[in-house]
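Here's the structure we're looking at; comments come further down.
The values are calculated or read from the model by the stated rules, or taken from the named source; none is laboratory data. Just so it is clear, the model here is predicted, and its values are computed rather than measured. So basically every Cβ, Gly included, is an ideal-geometry build from the backbone, and we count neighbours across all protein chains shown. These accessible areas exclude ligands, DNA and RNA; they are computed on the full protein's heavy atoms, side chains included. Shrake-Rupley method; radii C 1.70, N 1.55, O 1.52, S 1.80 Å.
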Amino acid sequence: MPFSLAAPAHHELVIKKSRFIACVESVAGRDEALARVAQLKAEHPDAAHVCWALLAGGQSAANDDGEPGGTAGRPMLEVLRHQDLQGVMASVVRYFGGVKLGAGGLVRAYTDAVAQALLSAEKVPLIVQTSLACSVPYALEGLVRREIELAQAQLLEVAHGSVVTLRFALPETQAAALTARLSESGRGQLVWLDANADAL
């Protein structure tokens, strides 16, 4: 089961006078990661590098930000992969101390900084949510709302037209059971819709 992080965690290393300030945090995807990098660069205008790695499904990325290729971003990404994390970004702000560390020294510094930050991070199981949508006659709205509440699903949207359309989200693992219960109690009057359509 993949994990995310409950809250950002930080760690700072000093190696041969260079400061490596690491942060691991949950992010939704590449756009949020890039915004965070821009924020870090603004907070640390004198830093030599702001390297980062993002593990978020198809949006995963690694960036060395001027360090020799493959010495920062990719090693940081590997640390995240080994921890079975998803939707997590690691960033390391480096203040250069005047002593070159060499490629091996850089890889060790960046991976250690991220690994140390992860030691203090609280991991939480990543529960994959799915959205469902259905329409029912007005007479069945109460029944559907009760079933949604019993399943501890989150009601996202309700639209009242010629019929009542409801859109809700719940953990993917519970979707099949709720779908079956609603289909049965809907007595053929419940119609399943595409939950990913923009508007109901």
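The angle between the Cα long axis of helix 172-185 and the main principal axis of the chain comes to about 10°, on a 0 to 90 degree scale. Placing a pseudo-label 7 Å from each Cα along the Cα-to-Cβ vector at A38 and T130 gives an inter-label distance of 3.6 nm. Of the two radii for the range 66-132, the radius of gyration is 1.09 times the Kirkwood radius, both from the alpha carbons; that is the Rg over Rh value.
Relative to the longest principal Cα axis of the chain, at what angle does helix 102-119 sit, 0 to 90 degrees, rounded to 10? Roughly 40 degrees between the two axes. Per residue, the range 39-174 exposes 49 Å² of solvent-accessible protein surface, assessed with a 1.4 angstrom probe and all protein chains in place. Between G69, G58, P137, the Cα set farthest toward the positive side of the dipole of the range 57-150 (charges on each charged residue's Cβ, about the Cα centre) is that of G69. In deg cm²/dmol and to the nearest 500, what is the mean residue ellipticity at 222 nm of the chain if only DSSP H runs of at least 4 residues count, each as -39500 (n - 2.57), divided by the residue total? Result for the chain: -10500 deg cm²/dmol, rounded to the nearest 500. Given in Å, the Rg to one decimal and the Dmax to the nearest whole number for the Cα atoms of the chain are 23.2, 75. A Cβ-based charge dipole, computed about the Cα centre of the chain with Lys and Arg at +1 and Asp and Glu at -1, lands at about 500 debye.
Using a Gaussian network for the chain with springs between C-alpha atoms less than 10 Å apart, which of these wobbles most: S135, S162, S91? Between S135, S162, S91, it is S162 that shows the largest mean-square fluctuation.
Cross-link check: pairs K16/K41; K100/K123; K16/K123 evaluated at a Cα-Cα cut-off of 25 Å; pairs beyond the cut-off: K100/K123; K16/K123.
One decimal place: the segment H82-E12 gains 23.1 nm when fully extended, by the rule 0.36 nm per residue minus the C-alpha distance.
May I ask for the angle, rounded to the nearest 10°, between helix 30-43 and the longest principal axis of the chain, with both axes built from Cα atoms and the value confined to 0 to 90°? Between the helix axis and the principal axis of the chain, the angle is about 40 degrees.
Over all other residues within a Cβ to Cβ distance under 15 Å of L54, the charged ones net out to -2, with Lys and Arg as +1 and Asp and Glu as -1. Projecting label points 7 angstrom from Cα along Cα→Cβ for E157 and A177 puts them 2.8 nm apart.
Judged by the mean number of other Cβ atoms found within 10 Å, the most tightly packed of the peptides 82-89, 97-104, 70-77 leads the ranking 70-77, 82-89, 97-104.
Taking the inverse of the mean 1/r over every pair of distinct Cα atoms in the range 18-59 gives a Kirkwood hydrodynamic radius of 11.3 Å. Rolling a 1.4 Å probe over the protein heavy atoms of the chain, with every protein chain left in place, gives an accessible area that is 52 percent carbon and sulfur.
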